[in-house]
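Undergrad: Here it is, the structure in full.
The values are calculated or read from the model by the stated rules, or taken from the named source; none is laboratory data. Just so we're clear, the structure is a prediction, and the values are computed from it rather than from any experiment. Heads up, the Cβs are rebuilt from the backbone with ideal geometry, glycines too, and the neighbour counts pull from every protein chain shown. Ligands, DNA and RNA are stripped out before the accessible areas are found, and what is left, the full protein with its side chains, is counted by its heavy atoms. Shrake-Rupley method; radii C 1.70, N 1.55, O 1.52, S 1.80 Å.
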Amino acid sequence: MVKHIKGFLLSLLLLFSFSGCMIRLIQLLKFTDIDTGLITGAHSLSYIVYALAGLAMICGVIYSFLNKDGKIPELSNSKRHSMLFLILSISFFWDFLHQCLNTVRYLDSTLIVEYNYTFAVIALGICALICSVYFYMISLTAKGTYYDYRKFNLLHFCVILWGFMKLLILMLNISDIVYGSEYFCEFIFCIMVIISSFCYISILDKKQDKPSKLLTFSALGAISMSIIIALPRLLAHVANKQSLIHKSEFSVLTYLMLAITMLILVIDTAKKQKEI
């Protein structure tokens, strides 16, 4: 019974997230200022996005409470996980290049340089590069080589630092939760990533392999928010409408790969429990 309920909740979470994605796509193409990224009309759409995101979060909370203690999937000798983390590593390297581009673009377009913002973007790029190395080490561990990412103690905090730097930059941009819906959704996404990273580091520190309910919830929350804020931009590019949207300061590829990675690990953990 629990098996079917959890499967239903996960399906609902994805349904609400993809629904929020489609509303955000309409908002992005029709009611967003191309220069500032702020909402210019149909403000009720922001509330609909938040409502769908909230419903997805509720599904994540219920799912995590129904979750029993189970083992996190083994990474050693897993070609599937090795390829997954390799792609994630590449996506973070792309995020590093993206932040380099953001820095150059900002310096070229402004007469008065805000050094706090500039240093934050540079620091974010450095964190993204370190994360790329970190996930590459995980990929090598999953491949079954002599590398073991668990021995690099301080390196585990790189994703948390990356998330904190993104929060710092977002706090410089957020003006209103209605007019800056993308910034606010991205803010929630970064918080979910930071929480899940803290939970995972705690598991490694205690040398156990049982995911906490908070880890499951934060991972599902990150998945939901990533779909809502990153997938609309990808769909706009696929539809060749990129000229109509505000240039993002985040890497769509990185956000989506983080979501895909977390989703696969959540599903694999559930399979490990023999529940779905």
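Undergrad: For residue 242 and residue 18 in the same chain, what is the full-extension length gain: residue separation times 0.36 nm, less their Cα-Cα distance, in nm?
TA: The residue 242-residue 18 span can extend by a further 78.7 nm.
Undergrad: Under the Kirkwood approximation for Rh and a Cα-based Rg, what ratio Rg/Rh is obtained for the stretch 153-208?
TA: Here Rg/Rh amounts to 1.12.
Undergrad: Further, regarding this structure: Return the calculated 222 nm mean residue ellipticity for the chain, to the nearest 500 deg cm²/dmol, obtained by summing -39500 (n - 2.57) across DSSP H runs with n ≥ 4 and dividing by the residue count.
TA: -25500 deg cm²/dmol
Undergrad: Find out how many positive minus negative residues lie around residue 124, taking Lys and Arg as positive, Asp and Glu as negative, among other residues whose Cβ is under 10 Å from that of residue 124.
TA: Combined, the nearby Lys, Arg, Asp and Glu give -1.
Undergrad: Suppose each label sits 7 Å from its Cα in the direction of the beta carbon; what would the residue 172-residue 33 distance come out to in nanometres?
TA: That separation, rounded to one decimal, is 1.8 nm.
Undergrad: Where is the GNM fluctuation largest for the chain (alpha-carbon springs, 10 angstrom cutoff): 256, 140, 101?
TA: 101
Undergrad: Whole-Å semi-axes of the chain's equivalent ellipsoid, largest first, each the root of 5 times a Cα gyration tensor eigenvalue?
TA: Sorted largest first and rounded, they come to 31, 24, 15 Å.
Undergrad: What is the angle, in °, between the Cα long axis of helix 181-205 and the longest principal axis of the Cα atoms in the chain? Nearest 10 is fine, range 0 to 90.
TA: 30 degrees
Undergrad: Starting from the Cα of residue 42, step 7 Å toward the Cβ, then list every residue of the stretch 233-260 with an amide N under 19 Å from that point.
TA: Once the point is set 7 Å along Cα→Cβ of residue 42, 233-247 turn out to lie under 19 Å by backbone N, inside the stretch 233-260.
Undergrad: If the chain between residue 51 and residue 115 were fully stretched, how many nm would it gain, using 0.36 nm times the residue separation less the Cα-Cα distance?
TA: Between residue 51 and residue 115, full extension yields 19.4 nm more.
Undergrad: Normalised radius of gyration for the stretch 83-150, please: alpha carbon Rg relative to 2.2 N^0.38 Å, two decimal places.
TA: 1.41
Undergrad: With angles folded into 0 to 90 degrees, how steeply does helix 213-238 sit against the dominant principal axis of the chain? Use alpha carbons for both and round to 10.
TA: 40 degrees
Undergrad: Which of 180, 144, 37 moves most in a GNM of the chain, Cα contacts under 10 Å?
TA: 144
Undergrad: Right, something else. Please state the charge dipole magnitude for the chain, taken about the Cα centre, from unit charges on C-beta atoms (+1 on K and R, -1 on D and E), reported in debye and rounded to the nearest 20.
TA: 1160 debye
Undergrad: How large is the accessible surface of residue 40 in square angstrom, using a 1.4 angstrom probe and rounding to the nearest 10?
TA: Using a 1.4 Å probe on the heavy atoms, I get roughly 90 Å².
Undergrad: About its Cα centre, how strong a charge dipole does the stretch 1-126 have in debye, to the nearest 20, once Lys and Arg get +1 and Asp and Glu get -1 at the Cβ?
TA: 720 debye
Undergrad: So if R0 is 35 Å, what FRET efficiency would residue 61 and residue 271 give, r being the distance between their Cβ atoms, rounded to the nearest 0.05?
TA: Using R0 = 35 Å, I get an efficiency of 0.95.
Undergrad: In degrees between 0 and 90, to the nearest 10, how far off the longest principal axis of the chain does helix 252-272 point, with axes built from Cα atoms?
TA: Around 20 degrees separate the two axes.
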